[in-house]
């Protein structure tokens, strides 16, 4: 299973880095719950629960912190 | 979908950096729950629940840590 | 709306930095729940719930980490 | 109200730094819930709830990360 | 009990670093709940609960932040 | 009460650093809930609850981040 798309944290832009952060979180979910259909069902439930959404947003924020540091914050 | 407004973490001031942190969190929510009407309904509920508010505030704090580091804390 | 009091993370002392961290968290709450009366009501409830208090304390700890780094930990 | 005992994050030892981290968390609680008697009552409840204890431990871990960085990890 | 597979945080690639982050989290669970059968039973329950999955994903994100920093983000 | 075993964050190996991270978390719990028998009872409950286990694992991950930084990630 691929956990880091492209096997790198380096991206050209902050926008791409943000997309990578979301992907990293989703890949972890897939590594823990390996059944795609089950993931699809769970997704319907949590996307309409505000706290569940905030919790997911929290994880993306943490992944992004790592990706942003890896890219020196795209200060370029 | 745009995840990082302006595609940069660099802002002129700490105030603008804080506003960006809030935007980053909201953009992630929109990326997960893509239906704007559903997001609007959820918003009404969580803004009157103290723990939900604290959870959202927590995410903003983490996003801001990244934005602040990217800007060398606007030390001037 | 002002999100960062004084528009700077720099403070003279650790004590002032801590007070700023608390302010930052409160300003975010005010940005999400813009009605002051509602915030006042919510405040009464969460200040007597131990887990709610811990959650709020958690956010302050994260904000303070950023403020402390911005000030080079007031190492003097 | 004093939020940072001694108004400094610098301590002689890691042990003292850990004690400071606990104090910082408690001072924040006191800043939010200013009534000492109420705090005492809440304390009885959360100290016998395992998740409440873990949440409190979590906050101390974050405060300690800041104190440890401030002291260059007491590397000597 | 082994807590850090191979007793090192250094990996060749980001992909391997991500796998290590997942392993670190699982080893901690095993250190706290030492009965393998109990862990297996708990696993069935939490993998079908969206918030439990998000919480686990959160821990992996934090472990990965450490592993990524240890490896200078595999910048090459 | 001893909060940091050996009063240092420096360890020879990553494995020892991980063990220290677990110890730091446990010492904080003991500092908050000072009755050993109560702690023992709470332990039985939370070790069979998957979310409680994840929460505890989360704290260890944060403590480990600090210990790992203190040791320059045992890069050798």
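Miscellaneous remarks
- Mean ellipticity per residue at 222 nm, deg cm²/dmol - from DSSP H runs of n ≥ 4 across chain F, formula -39500 (n - 2.57): -22500 deg cm²/dmol
- For the protein assembly as shown, diffusion coefficient by Stokes-Einstein and Kirkwood Rh (Cα), 37 °C, 0.692 mPa s, µm²/s: 148 µm²/s
- Shape class for chain B: oblate, because the ratio a/c of the largest to smallest gyration tensor axis (alpha-carbon atoms, square roots of eigenvalues) is 1.5 or more and b/c is at least a/b.
- Between identical copies, the spacing of residue B:13 label points, each set 7 Å from Cα toward the C-beta atom, reads 2.7, 2.7, 4.7, 4.7, 5.4 nm from nearest to farthest.
- Using a simple spin-label model with pseudo-atoms 7 Å out from Cα toward Cβ, residue E:72 and residue E:2 lie 2.8 nm apart.
- On Cα atoms only, tilt of C:36-46 relative to the major axis of chain C in degrees: 90 degrees
- Across the identical copies, how the residue C:76 labels are spaced - nm, sorted shortest first, 7 Å along Cα→Cβ: 2.3, 2.5, 4.2, 4.4, 4.8
- Acute angle (nearest 10 degrees) that the helix F:14-32 long axis makes with the longest principal axis of chain F, alpha-carbon atoms: 40 degrees
- For chain A, the longest principal axis of the alpha carbon atoms and the long axis of helix A:50-70 meet at an angle near 30°.
- Position residue C:48: other-copy label points at 2.0, 2.0, 3.5, 3.5, 4.0 nm, ordered by increasing distance, label point 7 Å along Cα→C-beta.
Read-outs throughout are calculated quantities, based only on the coordinates presented, and are distinct from any laboratory measurement. It should be emphasised that the depicted structure is a prediction, and the values quoted were computed from it without experimental measurement. Because the Cβ atoms are built from the backbone with ideal geometry, glycine has one as well, and the counts that use them run over all protein chains shown.
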